[in-house]
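The values are calculated or read from the model by the stated rules, or taken from the named source; none is laboratory data. Please read all numbers here as calculations on a predicted model, not as lab measurements. Cβ coordinates were reconstructed from backbone atoms using ideal geometry, including for glycine residues, and neighbour counts include every protein chain displayed. Just the protein is used for accessible areas: all its heavy atoms, side chains included, with ligands, DNA and RNA removed. Shrake-Rupley method; radii C 1.70, N 1.55, O 1.52, S 1.80 Å.
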Amino acid sequence: MMTIEEAKQIIEEVTQPLGVSEIRFDEALSHTLADDVLSKVFMPPFNRSAMDGFACRKKDLPGPLKVIDTVPAGGFSIKTIQSGECVRIMTGAPVPDGADTVIMIEHVEEQTDSGILFNKDRTNTNISLKGEDLKPGDLLLPRGTLLKSHHIAILAGAGVDEVSVHVQPRIGIISTGSELIEPGSEQQPGMIYNSNGHQLLTRLNELGLSGHYYGIGRDDYESLKELIQKATREQDVLLITGGVSVGDYDFVPAIFKELGFDIHISNVAAKPGKHTLFASKDQTYVLGLPGNPVSTYVQFEECGRLLINRLMGSTYRPLRLKTNMAEDYQRKKSDRFELLPVKINAEGRVERLSYHGSAHMHILSAADALMEIPIGTSQLLTHQDVYVRPL
Ligand code: AMP
Ligand code: MG
């Protein structure tokens with residue numbers, strides 16, 4: 001069995017980023033930059049007041065200072081401040097020539113005839129200098145950035161209205177299993193509700209992507225093959241759950257072989273999700289996820305996000321945080337890398353949950369994180385360091 005690191009390396013090697021297109025910055029959320037974006041502007045574009053107050057010369061303090069003009073945000077003053085003068089100024093407005101300081105309005109006494117008086121001993125400069133954040137030609141965002149809302153704000157703030165991004169993959173989803181019924185229909189003996197299809201579709205939505213749901217594929221070789229053929233013709237990626245292990249009705253690997261796909265991964269030393277499958281043909285990729293919902297969840301996070309991000313031109317590195325055990329933990333076998341749903345207590349330490357195995361999807365609503373247990377580790381002692389991945 002290959003390790004999860006080997007599996008992830010194969011996914012990176014086999015996949016190629018999809019093509020590039022130019023889109024508006026405000027439609028670029030959840031896309032990856034295909035080129036570096038350089039600043040064309042100074043940020044701030046002028047010496048900007050950081051406070052509501054009075055722009056003046058520090059050496060004239062405490063005054064009195066004569067108020068010679070008012071500058072609102074969006075305005076500017078053509079006056080140059082001379083000795084004994086100041087300008088009333090608002091946050092965000094350009095500081096007039098001659099001033100080196102803005103005193104806060106809270107630190108001023110207004111005196112009708114002679115002007116204003118500074119009533120503190122000291123002040124900060126309270127001016128953001130032109131270009132202190134960015135200058136033309138500075139790197140605004142590097143190629144490979146997967147754009148979140150704060151990146152969109154950075155683009156907008158620098159006046160960038162168009163960016164070059166990788167197109168998002170078209171992603172299809174099939175849930176396999178003759179035992180599956182959809183929520184809304186009545187439960188029959190031996191039948192269970194399809195959880196995975198809906199999990200994956202909405203997980204994609206959470207990541208700013210959309211999926212095409214092909215419904216439930218029955219455990220029937222020919223009809224499942226037809227459904228898979230249709231999905232792989234129409235999509236760049238197929239996420240297919242169930243039917244990937246070694247039971248009598250697990251037809252998925254054989255179907256991909258018959259359809260001429262190269263099967264790169266069929267077993268991973270990972271728990272849950274040993275029977276994860278990864279196959280490709282030309283530029284079409286398939287991730288087969290084991291049917292138990294926690295396995296689907298965990299292996300989508302491990303392999304699915306890596307695959308999708310790679311197609312979008314970015315790398316996926318799950319956020320891992322180091323903490324330690326609040327209690328002992330033991331497991332019987334240590335031959336697989338495990339991601340275990342756990343609780344993070346008020347001290348930020350790991351507590352166990354009563355977890356019944358990979359069919360126990362409900363545990364994820366009580367879990368705060370997945371804890372990593374390396375291959376070869378069968379026991380963790382209280383206070384021992386561990387890595388967790390917040391959910
Ligand atoms: P399989 O990988 O097809 O052997 O399925 C493993 C287990 O996961 C079986 O108990 C299935 O009934 C269950 N399972 C498969 N697909 C789903 C699904 N879409 N939603 C919920 N459970 C599933
Ligand atoms: Mg099945």
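What fraction, in whole percent, of alpha-carbon pairs in region 299-391 exceed 22 Å separation? Each step should come with its number before you reach the end.
Working: 1320 of 4278 pairs.
Result for the distance tail: 31 percent.
Can you give the calculated 222 nm mean residue ellipticity of the chain, where each DSSP H run of n ≥ 4 adds -39,500 (n - 2.57) and the sum is split over every residue, rounded to the nearest 500 deg cm²/dmol?
Working: 7 runs with 66 residues, N = 391.
Taking each H run of at least 4 residues, the total per residue is -5000 deg cm²/dmol.
Nearest 0.05, what FRET efficiency do residue 46 and residue 67 give at R0 = 22 Å with Cβ-Cβ as r? Spell out each step's value before the answer.
Values: r = 21 Å, r/R0 = 0.96.
According to the calculation, E is roughly 0.55.
Send over a whole-number figure in Å² for the accessible area per residue of the chain, probe 1.4 Å.
50
Please give the FRET efficiency for residue 182 paired with residue 38, using the beta carbon to beta carbon distance and R0 = 51 Å, rounded to the nearest 0.05.
Numbers: r = 50 Å, r/R0 = 0.98.
Calculated transfer efficiency: 0.55.
In whole percent, what relative contact order does the chain give with Cα contacts below 8 Å and a gap of six or more residues? Mind showing how you got there, number by number?
Values: 870 pairs, mean separation 64.3, N = 391.
Over the chain, the number comes to 16 percent.
Under a plain spin-label model, where a point goes 7 Å from the Cα along Cα-to-Cβ, how far apart in nm are residue 346 and residue 22?
My value for the distance between the label points is 5.7 nm.
Amide H of residue 41 versus every other amide H placed in the peptide plane: which residues, excluding those fewer than 5 positions away on the same chain, fall under 5 Å?
Amide H to amide H, under 5 Å and 5 or more residues apart or across chains, residue 41 pairs with 137.
Pull up all non-local amide H partners of residue 217: gap of 5 or more, or a different chain, and H-to-H distance under 5 Å with H placed in the peptide plane.
Under 5 Å from the amide H of residue 217 lie the amide H atoms of 175, 176, 177, each far enough along the sequence or on another chain.
At 0.36 nm per residue, and after removing the present C-alpha to C-alpha distance, how many nm does the segment from residue 83 to residue 29 gain when stretched out fully?
Details: separation 54, 0.36 × 54 = 19.44 nm, distance 5.05 nm.
Once the chain is fully extended between residue 83 and residue 29, it gains 14.4 nm.
Kindly state, to the nearest 0.05, the FRET efficiency for residue 315 paired with residue 223, given R0 = 30 Å and r defined as their beta-carbon distance.
Details: r = 38 Å, r/R0 = 1.26.
E(calc), rounded to 0.05, equals 0.20.
Give me the percent of the accessible area of region 50-139 that comes from carbon and sulfur atoms, probe 1.4 Å, all protein chains in place. Walk me through the intermediate numbers first.
On the way: 2490 of 5110 Å².
Using a 1.4 Å probe with all protein chains present, region 50-139 comes out at 49 percent carbon and sulfur.
Give, rounded to the nearest 20 debye, the magnitude of the charge dipole that the chain has about its Cα centre when Lys and Arg contribute +1 at Cβ and Asp and Glu contribute -1 at Cβ. Before the final figure, lay out the partial values.
Values: 39 positive and 51 negative charges, 125 e Å.
Dipole about the Cα centre, nearest 20: 600 debye.
Anything over 26 Å Cα to Cα? Flag those among 59/135; 58/79; 274/332; 148/274; 40/79; 148/343, in the order listed. Don't skip to the answer; put the middle values down first.
On the way: 59/135 30 Å; 58/79 17 Å; 274/332 16 Å; 148/274 32 Å; 40/79 29 Å; 148/343 28 Å.
From 59/135; 58/79; 274/332; 148/274; 40/79; 148/343, over 26 Å: 59/135; 148/274; 40/79; 148/343.
Over region 321-390, what percent of the accessible surface lies on carbon and sulfur atoms, probe 1.4 Å? Let's see the in-between values first.
Numbers: 1870 of 3820 Å².
The computed percentage sits at 49.
Using a/c under 1.5 as the rounded threshold, could you call region 1-122 rounded, prolate or oblate? The axes a ≥ b ≥ c are square roots of the C-alpha gyration tensor eigenvalues, and prolate needs a/b larger than b/c, oblate otherwise.
Values: a/c = 4.89, a/b = 3.12, b/c = 1.57.
In terms of gyration-tensor shape, prolate.
Residue 193 label point, 7 Å along Cα→Cβ, cut-off 19 Å on backbone N: hits in region 264-303?
Hits in region 264-303 for residue 193 at 19 Å: 291-297.
How far is helix 196-206 tilted, in degrees, relative to the longest principal axis of the Cα atoms in the chain, given as a value from 0 to 90 rounded to the nearest 10?
Helix 196-206 sits at roughly 20 degrees to that axis.
Could you tell me how many degrees, from 0 to 90 and to the nearest 10, lie between the Cα long axis of helix 221-234 and the main elongation axis, the longest principal axis, of the Cα atoms of the chain?
30
Can you list residues whose amide H is under 5 Å from residue 69's amide H, if they're 5+ apart or on another chain and H is modeled 1.01 Å from N?
Under 5 Å from the amide H of residue 69 lie the amide H atoms of 88, each far enough along the sequence or on another chain.
Report the extension gain between residue 12 and residue 366 in nm, rounded to one decimal, defined as 0.36 nm multiplied by the number of residues separating them, less their alpha carbon distance. Let's see the in-between values first.
Values: separation 354, 0.36 × 354 = 127.44 nm, distance 3.25 nm.
Once the chain is fully extended between residue 12 and residue 366, it gains 124.2 nm.
Give the distance, in whole Å, between the Cα centre of region 169-193 and the Cα centre of region 116-131.
Region 169-193 and region 116-131 have Cα centres separated by 66 Å.
What number, in percent, do you get for the relative contact order of region 197-353 if the mean sequence gap of Cα pairs under 8 Å and at least 6 apart is divided by its residue count? Kindly include the intermediate steps, with their values, before the conclusion.
Details: 204 pairs, mean separation 25.3, N = 157.
Over region 197-353, the number comes to 16 percent.
In degrees between 0 and 90, to the nearest 10, how far off the longest principal axis of the chain does helix 4-14 point, with axes built from Cα atoms?
Between helix and principal axis, roughly 80 degrees.
So, how do all the Cα-to-Cα distances of the chain break down into 20 Å bins, in percent, from 0 on up?
The percentages, shortest bin first, are 23, 37, 23, 15, 2.
Report the label-to-label distance for residue 305 and residue 331 in nanometres (one decimal), using points 7 Å from each Cα along the Cα→Cβ vector.
So the label points at residue 305 and residue 331 sit 1.9 nm apart.
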